Amino acid sequence: MNGFIVRAAEGDSVLSLCRKFSVSAERLIRENLLTSELTAGALVYIPQKSRYVHIAEAGESYQSIAAKYKKSEEELKKLSGAEYIFYSFPVVIED
């Protein structure tokens, strides 16, 4: 378990918790098996961001990798610390 648990307060929503803890709504919903909005007092698992590396293959670009992982090119550039990539370059992906 790479995260922590919080108790939803009155007025908390999936989106407010996502903003507060910098986690995507998709991941929060998936990790908690949510099918409806939160209720006050509900225990919610907040997953920590995980990072992994994609090794660029011949012909790949930030644009093609960003599309594959549904991320922005700017985010990939920032995380990878490089403006351009080349064959076998490690591109950092953050969940």
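Expressed as a rounded percentage, what relative contact order does region 1-65 have, with Cα pairs under 8 Å and six or more residues apart?
Once divided by the residue count of region 1-65, the mean separation gives 44 percent.
So for the chain, if I pair up every lysine 8 or more residues apart or on another chain, how many of those pairs have alpha-carbons under 21 Å apart?
Close lysine pairs found across the chain: 10.
Would you mind computing Rg(Cα) / (2.2 N^0.38 Å) for the chain, counting N as its residues? Display every interim value, and only then the final one.
Working: Rg = 16.6 Å, N = 95, 2.2 N^0.38 = 12.4 Å.
Computed over Cα atoms of the chain, the ratio equals 1.33.
What is the set of long-range amide H partners of Gly3 at a cut-off below 5 Å, with H atoms built 1.01 Å from backbone N?
Gln48
Could you tell me which residue out of Tyr62, Phe89, Phe21 lies farthest along the dipole of the chain toward its positive end? Charges go on the beta carbon: Lys and Arg +1, Asp and Glu -1, centred on the Cα centre.
Phe21
Would you mind getting me the FRET efficiency between Glu10 and Val92? Use the beta-carbon distance for r and R0 = 30 Å, nearest 0.05.
0.20
Rounding to the nearest 20 debye, state how big the charge dipole of the chain is about its Cα centre with +1 on each Lys and Arg Cβ and -1 on each Asp and Glu Cβ. Mind dumping the intermediate values first?
Values: 12 positive and 13 negative charges, 35 e Å.
Roughly 160 debye, rounded to the nearest 20.
Where a number appears in this text, it was derived from the coordinates with a stated rule and is not lab data. Predicted model, so just to flag it, every value in this text is computed and none were measured. Heads up, the Cβs are rebuilt from the backbone with ideal geometry, glycines too, and the neighbour counts pull from every protein chain shown.
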